[in-house]
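Participant: This structure is in structure tokens; I'll ask about it shortly.
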Amino acid sequence: MDEPTIALADRAEIFELRRSALRPHLPPEASVYPEEGHPDTFYLAARDPRTGAVIGCATFFPQPLDGEPGWRFRGMATVAELRGRGIGAAVLRRGVAEVVRRGGQLIWCNGRTSAAGFYERNGFTRKGAEFDVPPLGPHYLFVCHLPPSEAPARVSGT
């Protein structure tokens, strides 16, 4: 497969992938995040360059962490049969670049324990103990501090 195109999107474009990949056994409203009402929330879609189909996604919004201004992301997903091909990392790099462009210096998420290696390979550090998010299962808090105007080498893709 050729490199996907990654660009800003509307929630409607990414919602079905987010729901089906992350919360398939829950009602659709369980995939609606309260933070989506924030005016600075943005959505990214990775698209198959041949078909235009959404194959990866994430949602980013301002949310402090421990009293420090920050950006959080949620709903990061890749089509199951395409996982492990760098699509999620590309979406994350594009999202971090957009957060930096908007002046952010801290980005974080509550990531599934099963995805710990992914986040750590992409410049994030686990903070604190594992915790449970019913009914989704075990998670960690992952944090990445971003220097002004640049991202860490792993996240920036350099």
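Each value in this text was obtained by applying a stated rule to the coordinates, not by laboratory testing. These figures come from a predicted structure and were not determined experimentally. We place every Cβ from the backbone using ideal geometry, glycine too, and count neighbours over all the protein chains shown.
Participant: Quick check on segment 5-75: take the gyration tensor over C-alpha atoms, sort the square-rooted eigenvalues as a ≥ b ≥ c, and tell me if it's rounded (a/c under 1.5), prolate or oblate.
Facilitator: In terms of gyration-tensor shape, oblate.
Participant: Given charges of +1 on the Cβ of Lys and Arg and -1 on the Cβ of Asp and Glu, with all other atoms neutral, how large is the dipole of segment 5-156 about its Cα centre, in debye to the nearest 20? Walk me through the numbers before you get to the answer.
Facilitator: On the way: 19 positive and 16 negative charges, 95 e Å.
Roughly 460 debye for segment 5-156.
Participant: Using the number of other C-beta atoms within 10 angstrom as an exposure proxy, rank HIS139, HIS38, HIS25 with the fewest first.
Facilitator: Values: HIS139 18, HIS38 12, HIS25 6.
Neighbour counts put them in this order, fewest first: HIS25, HIS38, HIS139.
Participant: Springs between alpha-carbon atoms under 10 Å, Gaussian network over the chain: tell me which of ASP132, ASP48, ASP66 tops the mean-square fluctuations.
Facilitator: ASP66
Participant: Another question about this same structure. Convert each backbone phi in segment 89-106 into a coupling constant with the Karplus relation 6.51 cos²θ - 1.76 cosθ + 1.60 (shift: θ = phi - 60°), then list the ³J(HN,Hα) values in order as whole Hz, x for Gly and Pro.
Facilitator: 5, 5, 4, 5, 4, 5, x, 4, 4, 5, 4, 4, 4, 8, x, x, 10, 9
Participant: Let me ask you something else. Given the -39500 (n - 2.57) contribution per DSSP H run of 4+ residues, what per-residue ellipticity at 222 nm results for the chain, rounded to the nearest 500 deg cm²/dmol?
Facilitator: Details: 4 runs with 37 residues, N = 158.
So the helix-based figure for the chain works out to -6500 deg cm²/dmol.
Participant: Turning to a different aspect of this structure: Order these by the 10 Å Cβ neighbour count, fewest first: SER20, SER114, SER31.
Facilitator: Values: SER20 14, SER114 10, SER31 19.
Lowest count first: SER114, SER20, SER31.
Participant: Taking amide hydrogens as modeled 1.01 Å from N in the peptide plane, which residues meet the under 5 Å criterion relative to ALA53, leaving out close sequence neighbours?
Facilitator: ASP48
Participant: Follow-up question, since we're still on this one. Check which residues have an amide H placed less than 5 Å from GLY86's amide H, if you skip close sequence neighbours.
Facilitator: none
Participant: Something else: Which of ALA58, THR5, PHE15 sits farthest toward the positive end of the charge dipole of segment 1-150, with +1 on the Cβ of Lys and Arg and -1 on the Cβ of Asp and Glu?
Facilitator: Of the listed residues, the answer is THR5.
Participant: Pull up all non-local amide H partners of MET76: gap of 5 or more, or a different chain, and H-to-H distance under 5 Å with H placed in the peptide plane.
Facilitator: It is THR59, by chain and number.
Participant: Sort segment 70-141 into rounded, prolate or oblate with this rule: let a ≥ b ≥ c be the square roots of the eigenvalues of the Cα gyration tensor; rounded if a/c is under 1.5, and if a/c is not under 1.5, prolate when a/b is larger than b/c, oblate otherwise. Don't skip to the end; give the middle numbers.
Facilitator: Values: a/c = 1.87, a/b = 1.15, b/c = 1.62.
Oblate, because a/c is 1.5 or more while a/b does not exceed b/c.
Participant: Here's another thing I want to ask about it. What is the fewest-to-most order of THR41, THR113 by other Cβ atoms lying within 10 Å of their Cβ?
Facilitator: Numbers: THR41 17, THR113 13.
Ranking THR41, THR113 by Cβ neighbours within 10 Å, fewest first, gives THR113, THR41.
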